[in-house]
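The values are calculated or read from the model by the stated rules, or taken from the named source; none is laboratory data. Every value quoted in this text rests on a predicted model; they were computed, and no experiment measured them. FYI the Cβ positions are ideal-geometry reconstructions off the backbone, even for glycines, and counts take in every protein chain you see. These area figures cover heavy atoms from the full protein model, side chains too; ligands, DNA and RNA do not enter into them. Shrake-Rupley method; radii C 1.70, N 1.55, O 1.52, S 1.80 Å.
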Amino acid sequence: MLRLLLIFCFLTATLVGVAQVPDFISVRKKNGMPVKNYYAGTNISFLATDGRRYDALIHKIANDSVYLRYFTTAPYTNIFGTVSYDTVTTYILQLHYKGIKYINTPKASYRNHYLGKLGGIAAIGGLGYSVLNIANGLIEKADPLLDDRNARNVAIATGVGATGFLLNRIFRSSKKGNRYKIIYVDMSADSPTSY
């Protein structure tokens with residue numbers, strides 16, 4: 001029994017000693033705090049320096065390159081008469097990590113897409129209502145501008161417009177400028193490389 005335990009410990013130690021942690025891509029803030037790490041086997045969505053958008057599964061990350069696996073699927077009719085999809089071919093595309101201009105992180109993608117648009121629409125609606133109400137009050141002179149009901153409506157619309165403008169400024173699209181650093185972490189080297 002002791003001999004089996006020693007053999008098991010020896011095999012475990014050799015397997016642990018041989019294992020190497022794979023390289024990965026890290027998206028970090030300007031102060032160095034990591035936002036998200038991308039490893040082999042995870043999905044990634046990014047904008048390349050040539051202007052193309054890539055959405056794929058990471059096959060592996062090695063030698064300063066990201067290998068993306070794409071699947072080609074085709075529909076077919078199964079035995080029940082409904083349409084199913086099957087993978088016809090797969091291919092791998094290799095890109096250097098410096099070819100990545102901007103990585104769509106899930107939090108940034110959600111925040112910029114929805115809150116930025118909502119803020120813009122609220123700013124246009126609220127401030128537009130306030131300007132039109134004041135202009136109609138000055139031109140038509142039908143409703144007094146300082147009436148309690150009218151002043152309350154203008155105050156609410158101005159508040160909604162100002163909040164929308166603030167949301168639009170805070171959560172505007174970050175594709176205009178890259179807010180994050182993209183770092184290639186080489187686990188066989190001493191320090192990560194970045195640009």
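With a Förster radius of 35 Å applied to the beta-carbon distance between Phe71 and Lys30, the computed FRET efficiency rounds to 0.50.
Label positions at Gln94 and Asp50, each projected 7 Å from the Cα along the C-beta direction, are separated by 1.5 nm. Per residue, the solvent-accessible area of region 26-152 (1.4 Å probe, heavy atoms of protein chains only, all protein chains present) comes to 68 Å².
Dividing the convex hull volume of the alpha carbon atoms of region 16-103 by its residue count gives 168 Å³ per residue.
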